[in-house]
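These notes concern the structure reproduced below.
The values are calculated or read from the model by the stated rules, or taken from the named source; none is laboratory data. From a predicted model like this one, the values you see are computed outputs, not experimental measurements. Cβ placement follows ideal geometry from the backbone for every residue including glycine, while neighbour counts extend to all protein chains displayed.
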Amino acid sequence: MRNRLRSVDQLLRCFPVLRGQPSLVRAAEKFPLAITPYYASLIQNPDASDPIFQMCVPQAQELNDPPFLCDDPLEEDHDMPVPGLVHRYPDRALLIATSTCAMYCRHCTRKRVAGARESSISPIRLQQVVAYLRQHPEIHDVIVSGGDPLTMTTESLERVLAAVRSVPTVDIIRIGTRTPVTMPQRITAELVEMLRKYHPLFINTHFNHPNEITTESTEACTRLADAGIPLGNQSVLLKGINDDPQLMERLCRALVKIRVKPYYMYQCDLVRGVEHFRTPVSRGIEIMEYLRGRLSGLAIPTFVIDAPHGGGKVPVLPNYIVSTSPTHTVLRNFEGMLVSYPEPHAAAPAGPPAPGAASPGVWELATGRASAIAPAETSRGGRRRQRHGVSAAEQLF
Ligand code: SF4
């Protein structure tokens, strides 16, 4: 933490090639700058072609300020019954325990907090938070977030966890942290020993690119997982960094290998300074279309848009329901196969295909006249043909 790059001068000493870019200075004045030596060491090329560089080094495009971007796109400040506690969903609350992060991500959604000044929750505020949690027994899940709580001293973080754990109606505690990615050396044996006292405890971290999965970050995740802490990952779709189906597949595969479950893939929030990172919603849907069927459900994140105006997370999926009737739902799978799922007590198939129909269509599936339509050539069909001498399509009809 002491050796982070905190100023443009320090950054230029490490990357002299960046000299002579006044917009870099202006972007660093607008949004805070901090890069750990470790994270800086992951930069392979100090330019916009490098995903690590893009996520941590201020860029001219951050100064682009379209009117639909704002400081608090999720309106968290409006859902704060006591300072530092966001209560949006009925059974969950999010506690902003610190405004410090090891690194200030250029795409951060909580820029109004993270790095605005570096401080942690005061004892009085923590008392107010605990009092609110006691008055609201419907809150069963508290997310300790920030900033990045794992940048706090072990003692300060333990004070927060102990205070939350003292509320009998809080079942689980979650920590949101990017420290395993940006400063994995912080995940010490001493920290993990403290954390394991507060089970059930979950950690959600924030890997965005396979280049962030290194020996060091793997070791950090291994330590946490070995302490029985389930790990999830929340990535943000970022243009030119990870908005690519094959790259996202690589990231998800690499995450499950280090025992981190891909949990959410976020559409970029409408926060100031991120216009150059934003992708069309259709890109996220396309990535989900690619992942489904190629990866096990365990390795597939849920694509969500955290809705503006505090609408909360809305899952967005490709369309898998093709048609419905009172008796059948017609689904499609990742191969393009259409199958008819009969509803409970569905009437018997309604008879032969409609007169003149050459082959079954969606209507025949929706009315129970046919049960599936399979593409002629799929790799699965090829395997079936090898084993049984007929393709999947031929077996169906
Ligand atoms: S670690 Fe999280 S809170 Fe901190 S700057 Fe990055 S995205 Fe924002």
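Of all residues in segment 139-150, which are buried (at least 17 other Cβ atoms within 10 Å of the Cβ) and more than 16 Å from the ligand (Cβ to nearest atom)?
Of everything in segment 139-150, those that are buried (at least 17 other Cβ atoms within 10 Å of the Cβ) and more than 16 Å from the ligand (Cβ to nearest atom) turn out to be Ile139, Val142.
Out of the residues in segment 368-384 that are under 34 Å from the mean Cα position of the chain (by Cα) and assigned to a loop (DSSP other than H, G, I, E, B), which is nearest to Val339 (Cα to Cα)?
Here the answer is Ala374.
Just to check your reading of the model, which residue among Ala97, Ala131, Ala102, Ala116 is assigned by TED's automatic domain parsing to the domain that holds Arg178, surrounded by fewer than 23 Cβ atoms within 10 Å (Cβ to Cβ) and touching a residue at least 60 places away in the same chain (Cβ under 8 Å)?
From the options Ala97, Ala131, Ala102, Ala116, the qualifying one is Ala116.
Could you go through segment 60-69 and let me know if any residue there is more than 17 Å from Gly176 (Cβ to Cβ), among the acidic types (Asp, Glu) and free of Cβ contacts under 8 Å to residues at least 60 places away in the same chain.
We begin by selecting, within segment 60-69, every residue more than 17 Å from Gly176 (Cβ to Cβ); these are 60-69.
Checking the rest, the ones that are also among the acidic types (Asp, Glu) come to 62, 65.
Narrowing further to those that are free of Cβ contacts under 8 Å to residues at least 60 places away in the same chain: none.
No.
Which pairs have Cβ atoms under 9 Å, sit 6 or more apart or on different chains, and link a residue in segment 164-184 that is closer than 17 Å to Pro90 by Cα to one that is of a type in the set (S, T, N, Q)?
Arg174/Ser145; Arg174/Asn204
Take the residues in segment 87-138 that are aliphatic (A, V, I, L, M) and away from the ligand (no atom under 16 Å from the Cβ), then tell me which one is nearest to Asp71 (Cα to Cα).
Ala93
For Met248, state whether it is free of Cβ contacts under 8 Å to residues at least 60 places away in the same chain, assigned to a helix (DSSP H, G or I) and not assigned by TED's automatic domain parsing to the domain that holds Val57. Don't jump to the end; show me each part of the working.
Values: free of Cβ contacts under 8 Å to residues at least 60 places away in the same chain: yes; assigned to a helix (DSSP H, G or I): yes; not assigned by TED's automatic domain parsing to the domain that holds Val57: yes.
Yes, satisfied.
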